[in-house]
1. Considering each of Val142, Val177, Val117 in turn, give the residue that is closer than 29 Å to Glu85 by Cβ, of a type in the set (A, V, I, L, M), in contact with a Gly (Cβ under 9 Å, 6 or more places away or on another chain) and not in a helix (DSSP H, G or I).
2. Can you say whether Gly134 is more than 12 Å from Ser79 (Cα to Cα) and out of contact with any Leu (no Cβ under 7 Å at 6 or more places or on another chain), as far as the supplied structure shows?
3. Kindly list the number of the only condition in (1) in a helix (DSSP H, G or I); (2) among the aliphatic types (A, V, I, L, M); (3) within 19 Å of Ala123 (Cα to Cα) that fails for Leu260.
4. Surrounded by 24 or more Cβ atoms within 10 Å (Cβ to Cβ) and within 20 Å of the chain's Cα centre (by Cα): which single residue out of Ala106, Ala96 fits that description?
5. Between residues in segment 258-275 that are in contact (Cβ under 8 Å) with a residue 40 or more places away in the chain and residues that are among the polar types (S, T, N, Q) and buried (at least 17 other Cβ atoms within 10 Å of the Cβ), which pairs lie under 7 Å by C-beta distance while being six or more apart or on different chains?
6. When segment 250-262 is examined, which residues are found to be over 17 Å from the mean Cα position of the chain (by Cα) and either of a type in the set (Ser, Thr, Tyr) or more than 15 Å from Pro234 (Cα to Cα) (or both)?
7. Given the options Thr280, Thr308, name the one that is hydroxyl-bearing (Ser, Thr, Tyr), in contact with a strand residue (DSSP E or B) (Cβ under 8 Å, 6 or more places away or on another chain), surrounded by fewer than 24 Cβ atoms within 10 Å (Cβ to Cβ) and not assigned by TED's automatic domain parsing to the domain that holds Thr158.
8. Test Asp272 against the criterion of being outside the structural domain of Cys80 (by TED's automatic domain parsing) and within 20 Å of Gly180 (Cβ to Cβ), and give yes or no.
Amino acid sequence: MDIVLGPLAHRLGSRELSAADLELIFAREPGTVQSLCGVTKLHRIADGEDLVSLAAQASLDVLEQAGLPLKALSGIFSSCNPTTEFLMPTLAPLVAAKIGVTHLQACQIGMGCAGGVQALQAAYNQLVVDSLRGKTSYYLVVAGDHISRMLNHDLWKTAILFSDGVSAALVSNDPRVSTGYVIESAASETYAGESVCVINLPNVLAKPEGAPRSEYMLHMQGRGVFEFGTRIAPRVRALAGIEDFSDVYIIPHQANIRMLNELVPAFEIRPDQLYTDGITKIGNISGAACFIGLEDMIKRNLNGDAKTVLLSAFGAELQVAVAVLRKR
């Protein structure tokens, strides 16, 4: 039985920061931001907005597109850094409460840039089990962040990169679903090792009372992150089970434009086989990036005749996650 990734929807923070705004804040030359990371503008969650409400709106959009009533929903798998109002409860049960559903599976899966695809992997695995039991199910996959809450806004290398927003997708094993993409496989792994903390978010509860806010903001070791991102191609090949990428359209996590450009020779593909519009139009939106890219690809038919689409995410915890999708 096919497991299908169906409708997608997203919400971005409504407050926009242009590259020129960022260059003015940091007293940098015009064009610096775009040349360094590709960003032309970022999105921030504005006053009166919150991540859970944005996630709920995107989720309801997806259900409406699918014509699926709330009572038919089997569960929610989410991925989110600790950027909602709470460390606990996490995003999935908060979204469930917001859209008015109860007595269903609601699980937070991973965090960071690979977390969204890992949440998709968890939903895929659950649907395999459900299929073996003869059960037809529908799961929401919700990935997003109010990531600006994690940033030291005086720190140039992170303040110019990340956006706030969320994406939702519906996955199902219902044989009556005739649109969307078949999920051929989904897998993930961590590099771990001594470099596992090159991206880290200190726990404020573990800090001494009165510790300055900068001590528990997001920390990134730029060189270590770049080296990790540019070494992932062999592991992506192994996890995806793909050797020949000539008929594959790749939607990687939108880390920064320089890192993405390194993937073209690494996968031996043409530049038009690699999605990069996310980093230029939205910025790095963490775990939601691959899904927003997929939604954009579908709307604009960016993959052309390519029969296979590969979602490839990598980031915090040195996690790498992939999902191989096939056109129906």
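The values are calculated or read from the model by the stated rules, or taken from the named source; none is laboratory data. In this text, all values refer to a predicted model and were calculated from it rather than measured experimentally. Positions of Cβ are backbone-derived with ideal geometry, glycine not excepted, and every protein chain shown enters the neighbour counts.
1. Numbers: Val177 fails: closer than 29 Å to Glu85 by Cβ; Val117 fails: not in a helix (DSSP H, G or I).
Step by step, each of Val142, Val177, Val117 is checked, and only Val142 is closer than 29 Å to Glu85 by Cβ, of a type in the set (A, V, I, L, M), in contact with a Gly (Cβ under 9 Å, 6 or more places away or on another chain) and not in a helix (DSSP H, G or I).
2. Details: more than 12 Å from Ser79 (Cα to Cα): yes; out of contact with any Leu (no Cβ under 7 Å at 6 or more places or on another chain): yes.
Here the answer is yes, as Gly134 does meet what is asked.
3. (3)
4. Numbers: Ala106 fails: surrounded by 24 or more Cβ atoms within 10 Å (Cβ to Cβ).
Testing whether each residue is surrounded by 24 or more Cβ atoms within 10 Å (Cβ to Cβ) and within 20 Å of the chain's Cα centre (by Cα) leaves just Ala96.
5. Filtered contacts from segment 258-275: Leu260/Thr276.
6. Arg258, Asn261
7. Values: Thr280 fails: in contact with a strand residue (DSSP E or B) (Cβ under 8 Å, 6 or more places away or on another chain).
Exactly one residue qualifies, and that residue is Thr308.
8. Details: outside the structural domain of Cys80 (by TED's automatic domain parsing): yes; within 20 Å of Gly180 (Cβ to Cβ): no.
The answer is no for Asp272.
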